[in-house]
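Structure first, then comments.
The values are calculated or read from the model by the stated rules, or taken from the named source; none is laboratory data. Note that the structure is predicted; figures quoted are calculated from it, not measured. Because the Cβ atoms are built from the backbone with ideal geometry, glycine has one as well, and the counts that use them run over all protein chains shown. Keep in mind that these areas ignore ligands, DNA and RNA; they rest on the heavy atoms of the full protein, side chains included. Shrake-Rupley method; radii C 1.70, N 1.55, O 1.52, S 1.80 Å.
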Amino acid sequence: MSDYSIQHNLAQAAAAGEAAAPKIRIHNLAKIFETRRGRFAALDDVSLDIPVGCFFMIVGPSGCGKTTLLRILGGLEFETHGSVEVAHSGSARPLNSMVFQGDSLFPWMTVWQNAAYGLTMRGRPRAEIEEVVGHYLSRIGLTRFKDAYPHQLSGGMRQRVSIARAFANDPEILLMDEPFSALDEQNKLLLQGELLRIWDETRKTVLFITHSVDEAVTLGDRILVMSAHPGKVKTVIDVPFERPRQVLELRARPEYGALVYNIWDELRDEVRRARAQDEEGVRS
Amino acid sequence: MSVAKKARAAQSRTKMRVAKNRDLVIGIASPLALLLVWELCARLGAIDTRFFPAPSQVGARLAALVASGALWSDTAASLTRLFWGTLLGGIPALALGIVMGLSRPIRAVFDPLVAATYPIPKSAILPLILLIFGLGEASKIVMVATGVFYPVLINAMAGVMEINKIYLDVGHNFKASRWQVFTTIALPGAMPLIMTGVKLGVGMGLILITIAEMVGAESGLGHMIWNAWEILSVETMYVGLIVVALLGFLFSLALTELERWLVPWKAAR
Ligand SMILES: Nc1ncnc2c1ncn2[C@@H]1O[C@H](COP(=O)(O)OP(=O)(O)OP(=O)(O)O)[C@@H](O)[C@H]1O
Ligand SMILES: [Mg+2]
């Protein structure tokens, strides 16, 4: 496919939702880790299509391979079988940026330098970096801390900076690995709202891992429920709520509760199964 | 905070300050007392002044050597060699150490070489170095370089290998080039240990330069100390020892200050 036709397809896809080629096409993906204790299948036969501009949520029991899937998409890990195809729009923007699970800010850089990392590595002009980084730092409410080092921030503040780092890089796809798990409930609510607003402006394709079913339903267009080890697609559920969304208003609706319940129902067996596997592992 | 608590906190702060002042007083008083006892013993003939001249004698010699400019020219000669030797040994050690820390194959190539040559006492290769580089400046500078090289290399490598892998993942995901990974992740991430290596290296360099200058040098503090032995001028020998000790102390102060500046994210804790 020529660049033109890819772009053309993407434009169509954006217009028609998902009728055209997906942004990400994952086909029969499997990942096996070779460890000292033998081969460990983290992902098995995962097939997914993710449309352009989709806010795609991933839930599943701990250890089911969510991070592994994201790392393969981010080019940090390679698949053992199957394929991942990502449609590149042909622009100079980076394909994807990751918000990592856990602390990943460079301790030796200030908040500002951390948030500017992607743009700096790509050699963007200074004025652009100033503007973009300033914008996102103010969106996450950390302008005042721009010269602080990460160890001077709380865990939640650090997580916000790593979100700003990914957004400032302006990627086509955002890969977010439990970005809000270190936040307190109030800040989580505020940032979910903020994330929705930023996303509404940019409509990037987002892959977002979470342990919280509430979060999945609040933010997502679509929710992938993964099965316990080895990670497979258990089901994919569409979220019918319109956009833009108001987090609190949404949660008060009866359909919201029903959907959360449905997803829990799907998830419950898998979480139990994962528990049982872990206990078996301990015994053996 | 309650009044009682405040009072207690203030009390403990005062106690702390008193304790600190006391430590400072003792820190100054005890060496002074030792010097006084030494002076008395020397004057009373209780110790052999051929080996342990009275501090006042050493002080007089120090003043004379400063006045004649001899002390300064020897100190400058040693410092110059130390400076070039530190650069000659430190910069390649830094580059190689970081690259070895980043790359497994390169580590596999150089690790056995480093492991095999590191335990050789650097003073033992002085004759070989004199043979290769002659009696001039080059052999002195190379001696210092060998002393600085190993601690910097080993610490830089360890520093890079201790960097959490997630930071390299971040570099990779944000498309940092090899060079950018080197300058934005490996170098700053390893900096705390690199500074430890530099401190050890400079200390080793100071030891080696004094030894090297004792053999076939016409200047430097090592030469001054050796020459004092040859002409049985024991006071001059003590002056040399004092200056070497003082240099070691000043280097360690300066490097600690440099570390605070280079590693603000650790020093601030
Ligand atoms: N580099 C690796 N080597 C060996 N096994 C690995 C490696 N990385 C992950 N695994 C294993 O693969 C499985 C999936 O890990 P992954 O991190 O993707 O889980 P996760 O779904 O993100 O879990 P969590 O929700 O707890 O973050 C785990 O059982 C883990 O032990
Ligand atoms: Mg994970």
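Tally up the carbon and sulfur contribution to the accessible surface of the stretch B:1-47 as a whole percent, 1.4 Å probe, everything protein left in place. Walk me through the intermediate numbers first.
Working: 2950 of 4220 Å².
Solvent-exposed carbon and sulfur of the stretch B:1-47 make up 70 percent of the total.
For the pair A:HIS81/A:ALA127, report the inter-label distance in nm, with labels modelled 7 Å from Cα in the Cβ direction.
Distance between the two pseudo-spin positions: 5.5 nm.
Mind jotting down the three principal axis lengths of the stretch B:1-115 based on Cα atoms? Whole angstrom, largest first.
64, 62, 28
Using a 1.4 Å probe on the heavy atoms of the protein chains only, list every residue of the stretch A:51-96 that has 50 Å² or more less accessible area in the complete assembly than in its chain alone.
Those residues are A:LEU76.
Efficiency by 1/(1 + (r/R0)^6): what FRET value for B:LYS5 and B:LYS266, r their Cβ-Cβ distance, R0 = 35 Å, to the nearest 0.05? Please report the intermediate quantities before stating the final value.
Working: r = 33 Å, r/R0 = 0.93.
After rounding to 0.05, the efficiency reads 0.60.
Could you tell me what percent of the DSSP beta bridges with both partners in chain A are antiparallel, to the nearest 5?
Close to 50 percent.
Estimate for me the total accessible surface buried between chains A and B (protein heavy atoms, probe 1.4 Å, no ligands or nucleic acids), in Å² to the nearest 100.
Result for this pair: about 2000 Å² buried.
For the pair B:ASN164 and A:ALA41, how long in nm is the line joining their label points, each one 7 Å along Cα→Cβ?
With each label placed 7 Å out from Cα toward Cβ, I get 3.3 nm.
Taking a cut-off of 14 Å between Cα atoms, list the aspartates and glutamates near B:LYS165, but don't count ones fewer than 8 places away on the same chain.
Cα-Cα hits under 14 Å: A:GLU77, A:ASP103.
Just to confirm the filter: which trypsin sites (Lys or Arg not before Pro) across the stretch B:1-75 are DSSP coil and have at most 12 other Cβ within 10 angstrom of their Cβ?
Passing both the DSSP loop test and the Cβ count: B:ARG50.
May I ask you to list the GluC sites (Glu not before Pro) in the stretch A:206-284 that are in a DSSP loop and have at most 13 other Cβ atoms within 10 Å of their Cβ?
Sites meeting the loop and neighbour criteria: A:GLU242.
Compute accessible area for the stretch B:163-197 by itself and then with all protein chains, 1.4 Å probe, and report residues whose area falls by 50 Å² or more.
Residues meeting the cut-off: B:ILE166, B:TYR167, B:ASP169, B:VAL170, B:ASN173, B:PHE174, B:THR184.
When the helix-only estimate is applied to chain B (DSSP H runs of n ≥ 4, each -39,500 (n - 2.57), divided by the residue count), what is the mean residue ellipticity at 222 nm, nearest 500 deg cm²/dmol?
For chain B, the value works out to -28000 deg cm²/dmol.
From the Cα gyration tensor of the stretch B:172-218, with a ≥ b ≥ c the square roots of its eigenvalues, which class applies: rounded if a/c is under 1.5, or else prolate if a/b is larger than b/c, or else oblate?
prolate
Among DSSP beta bridges whose residues both lie in the stretch A:171-284, state the antiparallel percentage, nearest 5.
50 percent
Tell me which chymotrypsin sites (Phe, Trp or Tyr not before Pro) from the stretch A:18-121 have a DSSP coil assignment and no more than 12 other beta carbons within 10 Å of their own. Please list the in-between numbers first.
Working: sites: A:PHE33, A:PHE40, A:PHE55, A:PHE56, A:PHE78, A:PHE100, A:TRP108, A:TRP112, A:TYR117; in loops: A:PHE78, A:PHE100, A:TRP108.
Answer by residue number: A:PHE78.
Two-decimal Rg/Rh of the stretch B:1-47 from alpha-carbon positions, Kirkwood Rh?
My calculation of the ratio gives 1.48.
More than 24 angstrom separation, counting every C-alpha pair in chain B; what % is that?
Roughly 63 percent, rounded to a whole number.
So if each residue of separation counts as 0.36 nm, and I subtract the Cα-Cα distance between A:GLN186 and A:ASP238, what length gain in nm does that give?
Fully extending the segment from A:GLN186 to A:ASP238 adds 16.0 nm.
In the stretch A:96-125, which residues have a backbone nitrogen under 14 Å from the label point lying 7 Å from B:LYS175's Cα in the Cα-to-Cβ direction?
Of the residues in the stretch A:96-125, A:96-98, A:117-125 have backbone N under 14 Å from the label point off B:LYS175.
Pop out the carbon and sulfur fraction of the accessible area of the stretch B:55-267 as a percent, whole number, probe 1.4 Å. If you can, show how the numbers build up before the last one.
Numbers: 7810 of 10630 Å².
Roughly 73 percent, rounded to a whole number.
I'd like the antiparallel share, as a percent to the nearest 5, of DSSP beta bridges with both residues in the protein assembly as shown.
So the antiparallel bridges in the protein assembly as shown amount to around 50 percent.
For chain A, what is the calculated [θ] at 222 nm in deg cm²/dmol (nearest 500), taking -39500 (n - 2.57) for each run of four or more DSSP H residues and dividing by its residue count?
Values: 10 runs with 120 residues, N = 284.
Theoretical 222 nm ellipticity from helices: -13000 deg cm²/dmol.
Mind checking the per residue accessible area of the stretch A:22-137 for me, 1.4 Å probe, whole number of Å²?
Values: 4950 Å² over 116 residues.
With the other protein chains kept in place, the stretch A:22-137 gives 43 Å² per residue.
I need the semi-axes of the equivalent ellipsoid of the stretch B:18-73: take the C-alpha gyration tensor, multiply each eigenvalue by 5, square-root it, list largest first in whole angstrom. Don't jump to the answer; show the numbers that get you there.
Working: eigenvalues 145, 79, 9 Å².
Working through the eigenvalues yields semi-axes of 27, 20, 7 Å.
What is the stretch B:178-254 by shape, rounded, prolate or oblate, if you read a ≥ b ≥ c off the alpha carbon gyration tensor as root eigenvalues and call it rounded for a/c under 1.5, prolate for a/b larger than b/c, and oblate otherwise?
In terms of gyration-tensor shape, prolate.
Rounded to the nearest 20 Debye, what is the dipole magnitude of the protein assembly as shown about its Cα centre when Lys and Arg each give +1 and Asp and Glu each give -1 at the C-beta?
Roughly 1380 debye, rounded to the nearest 20.
How would A:TYR149, B:TYR118 line up by accessible area, probe 1.4 Å, largest first?
In descending accessible area the options line up as B:TYR118, A:TYR149.
Rounding to the nearest 20 debye, state how big the charge dipole of chain B is about its Cα centre with +1 on each Lys and Arg Cβ and -1 on each Asp and Glu Cβ.
1680 debye
Taking a ≥ b ≥ c as the square roots of the Cα gyration tensor eigenvalues, with a/c under 1.5 meaning rounded and otherwise prolate when a/b beats b/c, else oblate, which class fits chain A? Before the final figure, lay out the partial values.
Numbers: a/c = 1.32, a/b = 1.23, b/c = 1.07.
Rounded shape, in that the Cα axes give a/c under 1.5.
How much length, in nm to one decimal, is gained on full extension between B:ARG50 and B:ALA33, taken as 0.36 nm per residue of separation minus their Cα-Cα distance? Before the final figure, lay out each step's value.
Working: separation 17, 0.36 × 17 = 6.12 nm, distance 2.17 nm.
That works out to 3.9 nm of additional length.
Per residue, how much accessible surface does the stretch B:1-47 expose to a 1.4 Å probe? Answer in Å², no decimals.
It amounts to 90 Å² per residue over the stretch B:1-47.
Convex hull over the Cα atoms of the stretch A:109-156, averaged projected area in nm²?
Taking a quarter of the hull surface, the average projection is 3.3 nm².
How are the Cα pair distances of the protein assembly as shown distributed, in percent, across 20 Å bins from 0?
Values per bin, smallest distances first: 16, 36, 26, 16, 5, 0.
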